[in-house]
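See below for the structure under consideration.
The values are calculated or read from the model by the stated rules, or taken from the named source; none is laboratory data. On a predicted model such as this, the values are computed, not experimentally measured, just so you know. Using ideal geometry, Cβ is built from the backbone for each residue, glycine included, and neighbour counts are taken over all protein chains shown. Surface accessibility is based on the protein's heavy atoms, side chains included, excluding ligands, DNA and RNA. Shrake-Rupley method; radii C 1.70, N 1.55, O 1.52, S 1.80 Å.
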Amino acid sequence: MAHDDHTGQPLLAVNNLNIAFANDAGETAITRDVSFTVGHGERVGVVGESGCGKTVTGLALLGLLPERTARVRGEILFQGRDLLNMPARELRRLRGRDISMIFQEPMSALDPVFTIGEQLTETLRAHEKVGRREARERAVAALEEVGIPSPHLRLDDYPYQFSGGMRQRVMIAMALICRPRLVIADEPTTALDVTVQAQIIDLLRELSDTTGTALLFITHDLGVVAETCSRLLTMYAGEVVESAPVDTVLRRPAHPYSSGLLRSLPGLSERGGRLPSIPGRVPAPGQMPAGCRFQARCPHSADGCEQGQPLRELDNGRLARCWRGAELTLPGAVT
Amino acid sequence: MANRVKQRMVAARLLQALPILVLATFIVFCLMQLIPGDVAVTLAGENASMERIQQIREAYGLNQPFLVQYGQWLAHAAQGELGTSLLSGEPVAHTIARTFPNTLLIAVYAVLVSVLVGVPLGILAATRAGSPLDSTIMGAASLGVAVPNFWFGMILVLFLALGLQWFPATGFVSPLEDFSGALWYATLPALALCTNGIAEVARQLRGSLVEIQSSQHVRTLHAKGLSPARILWKHGLKNVSVNLLTVVGLLFNKILAATVVVEAVFAIPGIGSSIVNAVLQGDFPVVQGAVLAMVVTVILVNLCTDLACTVLDPRIHA
Ligand SMILES: Nc1ncnc2c1ncn2[C@@H]1O[C@H](COP(=O)(O)OP(=O)(O)OP(=O)(O)O)[C@@H](O)[C@H]1O
Ligand code: SF4
Ligand SMILES: [Mg+2]
């Protein structure tokens, strides 16, 4: 898969993204120095325990965090342009056209009092000069593409007339209708039945293949990552702790946290599994240790782990936030 | 199919309204019995003999048991016969036709002003939630909800009528004869009635708009690249419209009830003052007829708001 286009730069490069929320006590830092890239057409999985900052990172990419409280620092380069320094108007033009987002809750993500036809066409018409007729035709085509039966009949239906899985299909149709370069999918199947989950995942992978859209796939399901993505980002306590090709990380993870996740995995063929649990608890935001954030739970902790851990480069493009990453031989899910 | 459902809903609601009408008029009839004074004595004039009073009682059926009296009134009313005033002899239907338009004009006027002022204020506060402007508007609204209508009415009369002489302090002309003149007379009473309304509309609208703006589907709209203005005016307002409509419907009922006081303050020949006078004099056909007209109006307004809600929100079914 092509990671870079002819300009040589990745589609998305996030550099040292720090997200904090202002509150009465000042600011609570949620993510620290999150950096990663997504190549053109690449599918990158993001995993990590609940609360580690996956959703806020995804929202920050689109500038969707609450303006009044969110403090976002760093750099988000999309096609070379920094989204954090972009005028609101221009960023708006990018949203839904070049970068789309699919949310976790299909039941509440669509406006209940407008028909889905209206919601699809308004997305199109916000970004492209198309007439009503053409917009409707393209909406029908978009619904057809995501596998909604007799789409021209469903265009004037309201969201409540669709099942959860069908609504998520509508969300996907809406996210893809302008043919974006990047789709951020934030646990798009967590709220759905297990059988429907598989269909939606397959659909997303297929559409990403046929349209060449890159996918940032936030999920709890490592099995899905194994089947869908080429690279895996592991996040822990607001930091990226490992970034590696999926096949490498499954065999030989370089960070003890990734290893812990993978090892307790029931089996990659099973879908719909939650992230397996690792003994101990994540430090609360605002109470992070100075050194390695995983130290309290790490079976490989040693002298030196109390030092701050930068993301280190290992062999063949792997990055790990652990100074012992190269020396340890950690078990993965596949042996 | 949707139309059939709606027709059935209207029919069902109208049927449900019948017992409400009977109950409301019955309660009013009972209350009338508790009021001291005897209309027959009033009718007989000064120094009338007991015999004369008794004759009058019989002539008007006032000597009959109370339930029989109510039953007779109900039987007539069911045929559209509301009877005549015991005192003036004017048919009650005429009294209603003469006074109700005045009251309705004031009430509708007050509701319109409440909406026309309250909606922009609510939107302004919601779009600047947390700002000093928001706090000011909401502070004023809390005050507006707390202030009694007639108190504000008195202040208005003092300033705009007696002081500046912009508007007449008392009196009325029928909107059926001279509409612009009636508007002129209705302005002060309507302003007096709308303080609570403006405050109520602004507060409720702000509340539901702020809630909608932090909802997940509005986040989707931002993610799609729609402009904040479009999100507010198209999606925000349609989402809160059911709420707003319900508030306005309730407001109309409240304002209609409050016209009774305001008509007294401004000496307006409305249905409220007719009821007050008739109650004081024991003129029960007028009281019954006027109350019936009020209750029917309230029921119809509620039905209309409910119907409009089903149009605005596809999830609501009859
Ligand atoms: N608007 C906000 N204001 C303040 N804190 C927030 C806000 N949104 C998220 N947070 C905090 O940021 C942290 C990370 O939240 P986030 O939703 O990104 O976690 P996540 O990794 O997506 O978890 P999950 O797997 O449960 O979805 C949490 O501690 C959360 O409480
Ligand atoms: S730095 Fe030390 S404590 Fe942290 S993950 Fe590596 S080995 Fe474990
Ligand atoms: Mg999340």
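Accessible area per residue (1.4 Å probe, heavy atoms of protein chains only) ranks B:K6, A:K54, B:K234, A:K129 as A:K129, B:K6, B:K234, A:K54, with the largest value leading. By the helix-only formula, in which each DSSP H run with n ≥ 4 contributes -39500 (n - 2.57) and the sum is divided by residues, the protein assembly as shown has a 222 nm mean residue ellipticity of -16500 deg cm²/dmol. Which residue fluctuates the most in chain B, going by a Gaussian network model with Cα springs under 10 Å, if the choices are B:F26, B:F284, B:F266? Maximum fluctuation in the GNM of chain B, among the listed residues, is at B:F26. Please label the shape of the range B:94-312 as rounded, prolate or oblate, based on the square roots a ≥ b ≥ c of the eigenvalues of the alpha-carbon gyration tensor (a/c under 1.5 means rounded; beyond that, a/b larger than b/c means prolate, else oblate). Judged from the Cα gyration tensor, the range B:94-312 comes out prolate (a/c at least 1.5, a/b above b/c). Cross-link partners for B:K254 among the aspartates and glutamates, with Cα-Cα distance under 19 Å and sequence neighbours closer than 8 places in the same chain left out: B:E200, B:E263, B:D306. Calculated FRET efficiency, A:L314 to A:N15, Cβ-Cβ distance, R0 = 30 Å: about 0.95 to the nearest 0.05. Residues of the range A:68-93 buried by at least 30 Å² of accessible area upon assembly of all protein chains, compared with the chain on its own (1.4 Å probe): A:R68, A:R92.
Per residue of peptide A:173-182, the mean number of Cβ atoms on other chains within 10 Å of the residue Cβ is 1.
Evaluate peptide A:110-119: per residue, the Cβ atoms of other protein chains within 10 Å of its Cβ; return the mean as an integer. Don't skip to the answer; put the middle values down first.
Details: counts 4, 13, 7, 11, 7, 1, 0, 0, 1, 5.
So the per-residue partner count for this stretch is 5.
The angle between the Cα long axis of helix A:164-176 and the main principal axis of chain A comes to about 90°, on a 0 to 90 degree scale. From the alpha carbon centroid of the range B:243-318 to that of the range A:167-241 is 55 Å.
Karplus-based coupling profile of the range B:262-267, in residue order and whole Hz: 5, 5, 5, 4, 9, 6, with θ = phi - 60° in 6.51 cos²θ - 1.76 cosθ + 1.60 and x standing for Gly or Pro. Within the protein assembly as shown, what whole-number % of the accessible surface is contributed by carbon and sulfur, with the 1.4 Å probe and all protein chains included in the calculation? In the protein assembly as shown, the share of accessible area belonging to carbon and sulfur is 58 percent. Here each label is just a point 7 Å from Cα along the line to Cβ, and for B:Q165 and B:V108 those points are 3.2 nm apart. Across the range A:43-52, computed HN-Hα scalar couplings (Karplus, 6.51 cos²θ - 1.76 cosθ + 1.60, θ = phi - 60°) run 10, 10, x, 10, 10, x, 4, 3, x, 7 Hz from first to last residue, x flagging Gly and Pro. Of the residues making up the range B:280-318, those losing 50 Å² or more of accessible area when the isolated chain is joined by the remaining protein chains, with a 1.4 Å probe, are B:P314, B:R315.
Taking the range A:75-102 and a reference point 7 angstrom along Cα→Cβ of A:E134, the backbone N atoms nearer than 19 Å belong to A:97-98. For the range B:193-204, putting each phi into the Karplus relation 6.51 cos²θ - 1.76 cosθ + 1.60 with θ = phi - 60° gives couplings of 7, 8, 4, 4, x, 4, 4, 5, 4, 4, 5, 5 Hz, in residue order, rounded to whole numbers and with x for Gly and Pro.
Largest accessible area first, the residues B:H76, B:H222 order themselves as B:H76, B:H222 under a 1.4 Å probe with ligands, DNA and RNA left out. Rounded to the nearest 10 degrees, the angle from helix A:132-145 to the longest Cα principal axis of chain A is 50 degrees. Projecting the Cα positions of A:G332, A:Y236, B:A77 onto the charge dipole of the protein assembly as shown (unit charges on Cβ atoms of Lys, Arg, Asp and Glu, taken about the Cα centre) puts A:G332 furthest along the positive direction. Using only side-chain charges placed at the Cβ, +1 for Lys and Arg and -1 for Asp and Glu, the dipole size of the range B:2-78 relative to its Cα centre rounds to 820 debye. Rounded to the nearest 100, the interface formed by chains B and A buries 2200 square angstrom of accessible surface, both chains summed, with a 1.4 Å probe. Relative to the longest principal axis of the Cα atoms of chain B, helix B:271-281 runs at roughly 30 degrees.
Take chain B with all the other protein chains still there, run a 1.4 Å probe, and you get 50 Å² of accessible area per residue.
Listed highest first by mean packing, meaning other Cβ atoms within 10 Å per residue, what order do A:180-190, B:13-23, B:39-49, A:27-37 come in? The partial results should precede the final answer.
Values: A:180-190: 23.4, B:13-23: 12.7, B:39-49: 14.4, A:27-37: 18.8.
The peptides rank, most packed first, as A:180-190, A:27-37, B:39-49, B:13-23.
The antiparallel fraction among DSSP beta bridges confined to the protein assembly as shown stands at about 60%.
If packing is taken as the average count of other Cβ atoms within 10 Å, what order do A:169-178, B:107-116 fall into, highest mean first? Walk me through the intermediate numbers first.
Values: A:169-178: 25.0, B:107-116: 21.0.
Per-residue Cβ counts within 10 Å, averaged per peptide and sorted highest first, yield A:169-178, B:107-116.
Of all lysines in the structure, the ones whose alpha carbon falls short of 28 Å from that of B:K234, not counting any fewer than 8 places away in one chain, are A:K129, B:K6, B:K224.
Take each residue in B:222-233, count the other chain C-beta atoms within 10 Å of its C-beta, and the mean is 6. Is the shape of the range B:2-78 rounded, prolate or oblate, going by the alpha carbon gyration tensor and its root eigenvalues a ≥ b ≥ c, with a/c under 1.5 for rounded and a/b larger than b/c for prolate? It is prolate, given that a/c is not under 1.5 and a/b is the larger ratio. Using heavy atoms of the protein chains and a probe of 1.4 Å, the accessible area assigned to A:V196 is about 30 Å². Remark: the Cα gyration tensor places the protein assembly as shown in the prolate category, a/c being 1.5 or greater and a/b exceeding b/c.
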